[in-house]
Every structure is written in structure tokens, then in C-alpha cells.
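The values are calculated or read from the model by the stated rules, or taken from the named source; none is laboratory data. Quick caveat, the model's predicted, so the values are computed rather than measured. Please note: Cβ atoms are built from the backbone with ideal geometry, for glycine as well, and neighbour counts cover all protein chains shown. The protein model used for the area step is the full one, side chains on, heavy atoms only, and it has no ligands, DNA or RNA in it. Shrake-Rupley method; radii C 1.70, N 1.55, O 1.52, S 1.80 Å.
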Amino acid sequence: MSTTKPCCTPGRDAAAPGAVALTLAAPPRGSRVARQLTGLPGGRFLMGTDDRTGYPADGEGPVRAVELSPFRIATTTVTNAAFATFVKATGHRTEAESFGFSYVFEGFLEPGLAAASPAVAAVPWWRAVAGASWRAPEGPGSSVTTRQNHPVVHVSWHDAQAYCAWSGTRLPTEAEWEYAARGGLEQARYPWGDELTPGGRHLCNIWQGVFPTLNTAADGHRGTAPVTAFRPNGFGLYNTVGNVWEWCADWFSPDFHRTGPGRERRHDPVGPPDGTARVMRGGSHMCHESYCNRYRVAARSSNTPDSSAGNIGFRVAADAG
Ligand SMILES: [Ca+2]
């Protein structure tokens with residue numbers, strides 16, 4: 001169960017039957033995925049926020065100095081095309097496929113399928129859709145044929161781990177993710193500055209209109225957008241906020257960064273040693289200011305590692321060198 005507000009993404013019941021043990025393929029030498037990562041210098045940066053428009057209960061603050069070693073990270077989230085290459089090479093079956101369902105926003109479903117798909121009690125615009133998976137993001141009959149350059153979705157944290165193992169990469173730690181997402185700006189609210197739509201321009205893919213009934217798509221995208229939509233941040237990274245939530249390596253805790261051992265919190269932090277949910281960062285195409293403004297670069301969320309939904313993806317990272 002997520003320890004943050006459950007609006008971001010619904011989670012599977014941790015005790016649900018059908019959980020799968022995943023076999024990780026050995027990473028190929030000189031993986032193309034790993035070669036495409038961009039190197040970042042690391043160093044000291046100010047992590048978190050004390051922004052009053054945020055969610056203190058999530059553990060967004062306090063602002064603290066964190067030191068990072070150099071590392072590498074992908075400029076985009078993993079695309080449907082890249083994930084298909086991984087699946088073709090390994091035969092990987094995602095957890096959504098093993099469980100037989102995943103969570104889809106009702107507004108993207110055909111009326112008949114919406115009516116046949118149970119709503120999630122606390123967040124009824126989420127439907128548990130039989131047959132929804134990365135291959136069929138809106139359930140049976142849908143496909144990613146025209147979305148090859150969009151982020152893969154309906155992938156669990158475990159699925160992301162399997163992709164990383166195959167590609168010789170790893171998920172970024174939460175601290176690495178935030179440092180990279182900030183793009184070199186210190187304590188800005190967004191990867192480009194403090195204003196959401198400077199000069200009236202949309203700079204990320206979130207929700208405009210009235211959530212959850214009216215999606216005007218004023219930013220040009222009703223659901224996911226291509227991974228290189230909008231301009232990149234100062235480090236060359238695209239869509240670190242909006243579009244899809246991104247899994248991070250860490251277990252989620254709202255307070256480990258305040259209460260954990262000092263050095264573990266300040267130097268290449270990896271989060272708490274155990275937990276029930278993994279960190280997700282960045283918000284998604286379903287975030288709206290009136291409801292949940294977790295598309296801020298310091299915002300945090302989480303979900304259980306076997307959960308998947310139509311607004312969760314991931315980007316990969318690796319150690320330097
Ligand atoms: Ca949008």
C-alpha cells in the first residue's frame with residue numbers, strides 16, 4: 001500500500017495471488033542502452049523542498065545538501081520500441097501480463113470496456129482492466145503501434161529491474177533522479193524554473209481542464225507524449241516532470257532522510273534498507289494543479305513494486321565509467 005496520497009497511481013494488493021518471480025537475463029556486453037546514457041558530474045546539490053505548495057507529509061523537505069558521485073542517466077524514459085527489443089531478446093513477461101490486468105484511466109477506455117472493468121474504490125477513475133499491459137495500454141484491442149516513441153507504461157518496478165539487468169543499467173537512486181531532473185537549477189520548482197507556463201507556454205505533459213472529467217490537452221497531449229516532446233532541461237534530460245511517473249531504486253519512506261544515519265543521508269543516499277513501496281518521481285499526464293501538483297521536481301510518490309498503471313514508466317542509469 002502506498003504511504004502517500006493514493007491518487008497518483010493505484011497499487012496491487014501486496015497479497016494478491018499471481019505475483020511472479022522474475023528471471024533476470026545476463027547483461028550483454030556493450031549494451032546499446034548503456035552506451036546511450038549521458039554522464040553527469042554529481043557533486044553537492046540541494047535536495048527536497050520546503051515549498052508551501054507541496055506536500056510536507058510526503059517528506060519533500062527539509063531542504064538538505066546531498067553529495068553525489070558522478071553517474072550516467074538516460075535522457076529519456078524507456079520507449080515502447082526499446083522495451084519491445086528487450087522482450088524480444090529475453091521473452092520477459094511483465095507482471096501486468098502475469099496478473100492478467102493493469103490499471104487504466106477510465107477516460108481512455110471504450111465505454112463497454114469501462115463498464116466491465118472494476119473501479120478502484122478510493123480513486124474511481126482508475127479501472128482494473130483485464131488484458132491491459134504495455135502491449136495494450138487501454139486493454140484488448142489497443143496497441144502501441146503508433147506510440148513506439150512514447151514511454152512504455154504498465155511496467156512494474158520488478159519489470160524495470162529486469163530491463164536494467166538485461167541492458168547493463170540500473171534504476172537511478174531517488175537522489176540521482178532529483179539531481180538529474182533539476183538540470184542544474186538550484187531549488188527551482190520545475191526543471192526549467194519556478195513558473196509552470198512561462199509566457200503561457202506548456203513545457204511538460206500534465207492535465208489541463210477539469211480533473212477527471214475534462215481533458216483539454218492544451219499541452220498537445222491527451223495521454224502519453226513522445227519521450228522527446230518539449231524542450232530538455234539543462235542536463236539534456238526530457239520530461240523529467242509530467243508524462244509518466246518514473247520508478248527509482250529506493251524503498252519509499254517519508255522520513256528516512258531526516259531520521260536515518262547521517263552519512264547515509266548525505267553521501268550517495270540509497271534510501272531505507274527495507275520497505276513496502278518503491279519511490280516514483282516526476283508526476284504524469286494525469287496530474288492537475290487542482291488535484292495533485294506532484295509534477296513539481298521535488299514531489300514524491302510511491303507504489304508497491306509489483307504495481308503497474310498507464311502512467312508509470314522508468315528511465316535507466318548507471319555508475320560513471
Ligand atoms: Ca496533457
Farthest toward positive dipole pole in the chain [+1 Lys/Arg, -1 Asp/Glu at C-beta], among Ala34, Pro151, Gly61: Ala34
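Going highest first, how would you order 277-283, 172-178 by mean Cβ packing within 10 Å?
Details: 277-283: 26.6, 172-178: 25.0.
Those peptides, ordered most packed to least, come out 277-283, 172-178.
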Whether the stretch 266-311 is rounded, prolate or oblate, judged on the alpha carbon gyration tensor where a/c under 1.5 counts as rounded: oblate
Gain on full stretching of the segment that runs from Arg263 to Ser31 - 0.36 nm per residue minus C-alpha separation: 80.2 nm
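Peptides 59-66, 236-243, 97-104: what's the order by average Cβ count within 10 Å, highest mean first? Don't jump to the answer; show the numbers that get you there.
Values: 59-66: 15.6, 236-243: 25.1, 97-104: 21.8.
For the peptides 59-66, 236-243, 97-104, the packing ranking is 236-243, 97-104, 59-66.
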Protection proxy ranking, peptides 222-229, 264-271, 150-157, average beta carbon neighbours within 10 Å, highest first: 150-157, 222-229, 264-271
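All other residues with a Cβ under 11 Å from the Cβ of Ser133 taken together, and with Lys, Arg as +1 and Asp, Glu as -1, what is their net charge? Display every interim value, and only then the final one.
Details: positive: Arg93, Arg135; negative: Glu95, Glu97, Glu138, Asp159.
Around Ser133, the surrounding residues sum to -2.
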Anisotropy class of the chain from Cα gyration tensor, a/c 1.5 cut: rounded
Cα-only Debye scattering, the stretch 38-124: base-10 log of I(q)/I(0) at q = 0.11, 0.21, 0.26 Å⁻¹: -0.71, -1.01, -1.18
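Find the accessible area per residue for the chain; the probe is 1.4 Å, ligands and nucleic acids are left out, and the unit is Å². All intermediate terms of the calculation are to be shown ahead of the outcome.
Numbers: 13070 Å² over 321 residues.
It amounts to 41 Å² per residue over the chain.
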Evaluated over the stretch 78-171, the Cα radius of gyration and Dmax, each in Å: 13.8, 42
Square roots of five times the Cα gyration tensor eigenvalues for the stretch 175-321, Å: 27, 18, 14
Rough spin-label spacing in nm, given labels placed 7 Å along Cα→Cβ, for Asp319 and Glu195: 4.4 nm
Calculated from backbone phi, Karplus (6.51, -1.76, 1.60) coupling profile of the stretch 100-106 in Hz, x at Gly/Pro: x, 7, 8, 9, 10, 5, 4
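How charged is the neighbourhood of Pro111? Take every other residue with its Cβ under 15 Å from the Cβ of Pro111, and add Lys/Arg as +1 and Asp/Glu as -1.
Numbers: positive: Arg127; negative: Glu106, Glu110, Glu138.
In short, -2.
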From phi via Karplus (6.51, -1.76, 1.60), per-residue ³J(HN,Hα) for the stretch 127-138 in Hz, x at Gly/Pro: 10, 7, 10, 4, x, 6, 7, 4, 6, 9, x, 10
Dipole magnitude of the chain about its Cα centre (Cβ charges: Lys, Arg +1; Asp, Glu -1), debye to nearest 20: 660 debye
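Rounded to the nearest 0.05, what FRET efficiency do Arg52 and Ala84 give with R0 = 51 Å and r taken as the Cβ-Cβ distance? Could you check? Walk me through the intermediate numbers first.
Details: r = 43 Å, r/R0 = 0.85.
After rounding to 0.05, the efficiency reads 0.75.
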The stretch 109-164 - convex hull of the alpha-carbon atoms, volume per residue in Å³: 102 Å³
Under Karplus coefficients 6.51, -1.76 and 1.60, residue-wise ³J(HN,Hα) of the stretch 301-313 in Hz, glycine/proline x: 8, 7, 7, 5, x, 9, 8, 8, 7, x, 10, 10, x
Accessible carbon and sulfur surface of the chain relative to its total accessible area, %, 1.4 Å: 54 percent
